[in-house]
Structure formats: structure tokens, C-alpha cells
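The values are calculated or read from the model by the stated rules, or taken from the named source; none is laboratory data. Just so it is clear, the model here is predicted, and its values are computed rather than measured. Note that each Cβ is placed from the backbone with ideal geometry, even for glycine, and that neighbours are counted across all protein chains shown.
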Amino acid sequence: MAIAGAVFAVGGLVLAGSVALARLDERVNRELLERQPEASVEFVDLPESLMGLAVGDLRGSIAELLGRNWTDDVRCREMAERVSRIGWIAEVRFVRRTNSGRFEISARYRLPAAMVADHGDYVLIDADGVRLPGVYVYHPRWYIIDGVEGAAPPVGEKWPGADLRAGLTIISALRNEPFRPQIVGVVVDNFAGRHNPRASHMELITDRPGGRIRWGSAPGSEVEENIVSQKLALLRQNFLQTGRADADHEVIDVSTFPDRFHIPG
């Protein structure tokens, strides 16, 4: 009986010790959680040009996750999945948690290249024609592409029209020209002559009221017509001689003669 009592006593001590340790672990965990820093997130590669455009969408997509226990390793994967669905993101490189409780998100971003007129509003697209989040009013920060046929695609999807791609090609060609601030956008309403085969298929919009530079055919579609480099050379020459790509005229045409522009009659 004495031996049995001793064994029971030892077992009781072990059980009591286990309960005490469990309560101690629970207390320690509770204190750690109470003292943990508030979880925060930093988009480490976010370009300055997107600070005012994308931050709200990006943070909003993961706001609910920040309220969870910061030791939850699953959150990194969930954050990566959520931000990857935001149209500003082309690729998520990594999401990692630091010892201070901050989450760092590295990504490759889609940058606005132009505004596309869409039923009285404007939507932003990147250089590949992918639609970005939001609906906007006109802002001179970006080129306009006007006259695109068809409705805007869902956010994150590429605009399918050849007219839009032609507009982007011209915008890309203009980007480093000295007269770039004088060009507001591109009109593609008559792309491929769909309304009037005899009229200029594409036009540049200048910063003067009603100002147009008749470009001619879409890049790569020229037949007996100046190619892109020749058209740019004429506009560059005008700018050097007069300070204006349009040579200080309301409307000019650079599609026909390789050595000069002409004023439509």
C-alpha cells in the first residue's frame, strides 16, 4: 500500500506540474500577443508615381489579414494571393514577415502609359494595353487615346483592339522627343480608314485648342507614305526651327512628303 501511495503521489505531482506548465505557457503566449507590435505592411518596390493611385487598392486588399495573429505563417501566402489579384500588380516576387512584425511585399508593378476615353470617362492602361483599376477624369499627366472601338475590358485584362495598340505604339515613339509636352494624345477613331478611307487614319492632338497633326496610317501600315522615323524627324525639325512641333499652325500633315509638312487645304 505504501508503494502504491507513493506512486500515486508522484503521479499527482507530475500532473500538477504539467497543468502548471500549461498555464505558464498560456500566460507567456498571452503576454507575447499583448506586447507584440501592431502588424504593418510595406510595399518595398512601389514606384513613387503610383503612391497616390495604387496604395488604397493594395492596402485595402489585405487590411483584414493584418488583424490576425502576426505569428501566423499562412498570412504571407494569403497576402501574396490577394495582392496578385489587384490590377496594379504584374507579378508578386515575395511576401515576408520581419521580426518586428512588419510585412514586406515585393512586386513588379504596371505603370500607367495612357488614358483611354470610355463613354465620357477615362480608364488607365499600361504600355501593354492592360487596363488598370479605377475610372478617372482627364489629367494632362498622361496621353489620351481617343476613338478606341469597343468597351473597356475588366481590370487586369489586355484591351484587345488593334486601334489601341497602334495608339500605344505612337505614344511610345513620342515619349523621348523634345516636343513631347506639346502632344496631348492620339485620335484613332478613323483607324484603318474605318469611317473615311481618304482621311488620315490617325491624328496627334496638340496642346492648342483644336490642334491636330495628321499622322496618316498606323505604324507598320504605311504604303507610299512617310514611316514613323520620317514623321518624327519632320516634327523635330519644326520644333527646332519654331519651338513648336506643329510649326505654330493649328493643323498640319506629316504623312506625305519626307522633307516637309503641308497644311491641309
Residue satisfying all of: in the range 46-85; of a type in the set (Lys, Arg) and not in a helix (DSSP H, G or I); nearest to ASP126 (Cα to Cα) among these: ARG85
Failed item, numbered, when ARG110 is tested on (1) modelled with pLDDT of 95 or more; (2) charged (D, E, K, R); (3) surrounded by fewer than 15 Cβ atoms within 10 Å (Cβ to Cβ): (3)
Hey, ALA166 in a loop (DSSP other than H, G, I, E, B), touching a His at 6+ places or on another chain (Cβ under 9 Å) and assigned by TED's automatic domain parsing to the domain that holds ALA245 or not: no
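Identify the residue in the range 124-147 that is among the β-branched types (Val, Ile, Thr) and crowded, with 22+ Cβ neighbours inside 10 Å and, among all such residues, is nearest to LEU46 (Cα to Cα). So that I can check it myself, show each step before the final result.
At the first step, the residues of the range 124-147 found to be among the β-branched types (Val, Ile, Thr) are 125, 130, 135, 137, 144-145.
The next check asks that each one be crowded, with 22+ Cβ neighbours inside 10 Å; those that pass are 125, 145.
Values: ILE125: 17, ILE145: 26 Å.
So, considering only residues that are among the β-branched types (Val, Ile, Thr) and crowded, with 22+ Cβ neighbours inside 10 Å, the one nearest to LEU46 (Cα to Cα) is ILE125.
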Test result for SER172, at pLDDT 95 or above, outside any loop (DSSP other than H, G, I, E, B) and in the same structural domain as VAL116 (by TED's automatic domain parsing): yes
Residue, surrounded by the fewest Cβ atoms within 10 Å (Cβ to Cβ), within the range 201-243, restricted to residues that are in contact with a helix residue (DSSP H, G or I) (Cβ under 9 Å, 6 or more places away or on another chain) and hydroxyl-bearing (Ser, Thr, Tyr): SER229
